[in-house]
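Take a look at the structure set out below.
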Amino acid sequence: MTTASSADHPTRRDFLFVATGAAAAVGGAAALWPFISQMNPDASTIAAGAPIEVDLSPVAEGQDIKVFWRGKPIYISHRTKKQIDEARAVPVASLPDPQSDEARVKSGHDQWLVVIGICTHLGCIPIAHEGNYDGFFCPCHGSQYDSSGRIRQGPAPANLAVPPYTFVSDTKIQIG
Amino acid sequence: MSGPSDYQPSNPALQWIERRLPIMGLVHSSFVVYPTPRNLNYWWTFGAILSFMLGMQILTGVILAMHYTPHADLAFKSVELLVRDVNYGWLLRNMHACGASMFFFAVYVHMLRGLYYGSYKEPREVLWILGVIIYLLMMATGFMGYVLPWGQMSFWGATVITNLFSAIPYVGESIVTLLWGGYSVGNPTLNRFFSLHYLLPFLIAGVVVLHVWALHVAGQNNPDGVEPKTEKDTVPFTPHATIKDGFGVACFLLLYAWFIFYMPNYLGDADNYIPANPGVTPPHIVPEWYYLPFYAILRSIPNKLAGVIGMFSAIIILCFLPWLDSARTRSSKYRPLAKQFFWIFVAVCILLGYLGAQPPEGIYVIAGRVLTVCYFAYFLIVLPLLSRIEKPRPVPNSISEAILAKSGKAVASIAVALVAAGALFLGSLQDARAEEGGTKPPGNSWSFAGPFGKYDRGALQRGLKVYKEVCSNCHGLSLIAFRNLGDPGGPGYSTAQVAAFASDYKIKDGPNDQGEMFERPGRAADYFPSPFPNEQAARAANGGAAPPDLSLITKARSYGRGFPMFLIDFFSQYQEQGPDYVAAVLQGFEDKVPEGVTIPEGSYYNKYFPGHAIKMPKPLSDGQVTFDDGSPTTVAQYAKDVTTFLMWTAEPHMEARKRLGFQVFIFLIIFAFLMYFTKKKVWADSH
Ligand code: FES
């Protein structure tokens, strides 16, 4: 082992060892970064995740469509009057994840519900127009969402997420 | 790895583990207290360097495999896209590709060191043979790895090397079919090579463990070749050998980093930037530099089977070395004749490597035969004879005695020899690239040359304009997306400018809900559309020669730089492969065909094109493209700008690469100095 001959400048020697060790540690840590960073989405994946436009005109009342954005299914439902009324009738405070229906749609376009169709429990895709709440039903572990995509029953902890989107015109939205 | 250890950790939890699995004791006895001869020189650090490189290759390889697609139609593109799109993809790819060369460089030093100091002699025969097995596995791994990018050299290298097995009588053809998984090299071949290329490094790691085990049983050899006798002859592995190896690795990293950041394409073959084409063989099939000596032996023997046997025996013969050389004295330091023949042997190997890269004709064939005979004579005649007739100088009684009488001459001479060897190898590569029949392109002053080179933004933008208005009528740019035009280190357009540029293009998309394909305006994420729907159409419209895609053209074309330019290029980083050539071909058209040159119908005379007959008509003429920035609208300006642009399309991350390279160098130099002084301190009491 190090035969520490304390006679010759013990402090200078220690400083050298510490400096070398520190340089090795810093260099090693910095060298790790590229190996971790490469796991993130690459430039083409990011570019492919750019906003998309969806034409709503073919979707009749009571129908819904599923589009993909960034590999995620997005449900766009053209809700009926009944569905909207149901969603607005429930007292918000009684919900597991309290949120008003108005806060989940764009005002003036209240008939359109746009949600990410991924169950907030463990990521399965809920089925539209199923379950007890006129909304979505997740077959994996039985979570039920209402016509506003809010969790009402089952193991999921949160409402279906609303993706960022805007109305470009009355019949066209841009997601992303 | 030397028997049960009496190592006792002080921590009770560690004690608990140690009693059940004495792993810390194993590490402690193998890498901490393990006695290492105190007279080892720096050639002994190559063992640690090799371990480091193996780790590096496995690490970067596993990561590259996360982004690579082993399919004949997708492999080439997936490699190019991972370099372009994945975060630090260019770095990881360069590390892996240059790492292979560095690995072989280190293994050759390591082997020659063993040869010089007699490290294969009793009791280290098994250790040596394990080393030869590692080397064989490395060659197989390296070969299969080179196939994976699926460029022209990949494909034809795979064809040539697998065809070696067809030399085996009776069953050869069936073996080759078995290797290919088809009737020619194709997708099944690529798939299995990928699988094996992933597997073999772990086999290597396994044999390395055996190699180290055998080493620790027999103990390390040393420059004087006398076994340690007393405590005074050795020092503990840690910190002495650890720190010295660490310093060796740090120095090696400097060389490695130079290739990674500054000269990543220097050792590669330009042809491998052309996607594999089963219909066209490149004019010179040259393996990677580390196989060249054996390739030369293969070609020197005029009989197919004998050539293959000769090539494999050149490696297998190493296994018999411990018995071919039966001299009692280990180290060539004390064997005056063996020492001279050793250097002659090194020269023979280097010359064989040089010949391996030359065209197999004329004087090269004869020289190759002579050297092949020399190669085998060294093992079969010289060494057995020397061990009988040579009178060695007296060997010191002990290592401590040798240290007192130490001289450093050998180190200097080996260093000189290594530099000469490197130069020759590099030279031979360059010669292999030389293409006949073309005049040497004139040099240019490129803004991207040198360690701080940057692309000239104006030139990139003008070059893009030239490409768009002229080249794009026939040539694709399929690896470039519109979004790249806004990337840092590129032409420097804003997001809005990129979107506007992209929307000028019509992109085929679909199918839509009716199942039909449709056209829509381009988006930033789209790639430059190619002018022809497929290669056949491109061929048909252009007199039988499909215009090549330009994304990689400046790296896919090259020419011999000649001595001494290829050496200067290595340090000055003048250009990476062929920008000079591309710029020259664009300006090399002449209406008057010189005397003695006949140009076939439908071809044009070009001064710089190999063979002079090019199918592309003169593409550029003065005033054809207008520039907003007042640059001259001349062919010379167009050629230079479009070449700069195409250099960027081939190396889009060059600026980031050189910037990071500079930072890495600053760090490595400081670190190497720190390691050096630490090493001196640690060893201060031991010399
Ligand atoms: S994933 Fe939907 S309920 Fe579990």
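Observations
- A:ILE151 crowded, with 21+ Cβ neighbours inside 10 Å and either within 11 Å of the ligand (Cβ to nearest atom) or within 20 Å of the chain's Cα centre (by Cα) (or both): yes
- Screening the candidates B:GLY578, B:GLY630 for the property of being more than 14 Å from chain A (Cβ to nearest Cβ) and surrounded by fewer than 21 Cβ atoms within 10 Å (Cβ to Cβ) yields one hit, B:GLY630.
- Positions within the range A:122-139 being open to solvent by less than 60 Å² (accessible area, probe 1.4 Å) and within 10 Å of the ligand (Cβ to nearest atom), in sequence order: A:GLY123, A:CYS124, A:PRO126, A:PHE136, A:PHE137, A:CYS138
- Conditions (1) more than 16 Å from the ligand (Cβ to nearest atom); (2) touching a helix residue (DSSP H, G or I) at 6+ places or on another chain (Cβ under 9 Å); (3) touching a residue at least 12 places away in the same chain (Cβ under 8 Å): number failed by A:PRO98: (3)
- The one condition from (1) of a type outside the set (Lys, Arg); (2) within 16 Å of the ligand (Cβ to nearest atom); (3) within 14 Å of chain B (Cβ to nearest Cβ) that A:PRO73 does not meet is (3).
- Pair list, Cβ under 7 Å, 6 or more apart: the range A:153-173 residue away from every other protein chain (no Cβ under 14 Å) and β-branched (Val, Ile, Thr), other residue within 16 Å of the ligand (Cβ to nearest atom) and in a strand (DSSP E or B): A:VAL162/A:VAL115
- B:LEU337 vs. criteria of a type in the set (A, V, I, L, M), part of a helix (DSSP H, G or I) and more than 24 Å from B:GLY131 (Cβ to Cβ): yes
- When B:SER30 is tested against (1) away from every other protein chain (no Cβ under 14 Å); (2) open to solvent by 20 Å² or more (accessible area, probe 1.4 Å), only condition (2) is not met.
- Of all the residues in the range A:88-106, those that are surrounded by 17 or more Cβ atoms within 10 Å (Cβ to Cβ) and more than 13 Å from A:ILE151 (Cβ to Cβ) number 2.
- Top-ranked residue of the range B:663-687 - restricted to ones that are touching a residue at least 60 places away in the same chain (Cβ under 8 Å) and β-branched (Val, Ile, Thr), ranked as surrounded by the fewest Cβ atoms within 10 Å (Cβ to Cβ): B:ILE669
- Scanning the range B:571-614 for residues that are out of contact with any Lys or Arg (no Cβ under 9 Å at 6 or more places or on another chain), of a type in the set (A, V, I, L, M) and in contact (Cβ under 8 Å) with a residue 60 or more places away in the chain returns no hits.
Residues are listed down the side, and each one gets a yes or a no for (1) closer than 23 Å to B:SER551 by Cα; (2) over 22 Å from the mean Cα position of the chain (by Cα); (3) surrounded by fewer than 22 Cβ atoms within 10 Å (Cβ to Cβ); (4) among the β-branched types (Val, Ile, Thr):
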{"position": "B:ILE274", "(1), (2), (3), (4)": "yes, no, no, yes"}
{"position": "B:PRO283", "(1), (2), (3), (4)": "yes, no, yes, no"}
{"position": "B:TYR291", "(1), (2), (3), (4)": "no, no, yes, no"}
{"position": "B:TYR295", "(1), (2), (3), (4)": "no, no, no, no"}
{"position": "B:LEU298", "(1), (2), (3), (4)": "no, no, no, no"}
{"position": "B:ALA306", "(1), (2), (3), (4)": "no, yes, yes, no"}
{"position": "B:GLY310", "(1), (2), (3), (4)": "no, yes, yes, no"}
{"position": "B:SER313", "(1), (2), (3), (4)": "no, yes, yes, no"}
{"position": "B:PHE320", "(1), (2), (3), (4)": "no, yes, yes, no"}
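- Of the residues making up the range B:668-681, those that are within 22 Å of B:GLU231 (Cβ to Cβ) and facing chain A (nearest Cβ under 7 Å) number 1.
- Against the conditions (1) free of Cβ contacts under 8 Å to residues at least 40 places away in the same chain; (2) in the same structural domain as B:ASN87 (by TED's automatic domain parsing), B:LEU26 satisfies every one except (2).
- Filtering the range B:149-163 to residues that are open to solvent by less than 20 Å² (accessible area, probe 1.4 Å) and aliphatic (A, V, I, L, M) leaves B:MET153, B:ALA158.
- Some residue of the range B:52-63 being in contact with an Asp or Glu (Cβ under 9 Å, 6 or more places away or on another chain), assigned by TED's automatic domain parsing to the domain that holds B:MET153 and modelled with pLDDT of 95 or more: yes
- Residue in the range B:68-79 that is away from chain A (no Cβ under 13 Å), open to solvent by less than 20 Å² (accessible area, probe 1.4 Å), hydrophobic (A, V, I, L, M, F, W, C) and in contact with a Gly (Cβ under 8 Å, 6 or more places away or on another chain) present: no
- Test set (1) in contact (Cβ under 8 Å) with a residue 24 or more places away in the chain; (2) more than 30 Å from B:PRO228 (Cα to Cα); (3) open to solvent by less than 40 Å² (accessible area, probe 1.4 Å); (4) away from chain A (no Cβ under 14 Å) - B:ALA65 fails condition number: (4)
- Taken together, the residues in the range B:69-119 that are outside any helix (DSSP H, G or I) and among the β-branched types (Val, Ile, Thr) amount to 2.
The values are calculated or read from the model by the stated rules, or taken from the named source; none is laboratory data. Note that the structure is a prediction, hence the values are computed from the model and not measured. Positions of Cβ are backbone-derived with ideal geometry, glycine not excepted, and every protein chain shown enters the neighbour counts. Accessible surface areas use protein heavy atoms only, side chains included; no ligands, DNA or RNA. Shrake-Rupley method; radii C 1.70, N 1.55, O 1.52, S 1.80 Å.
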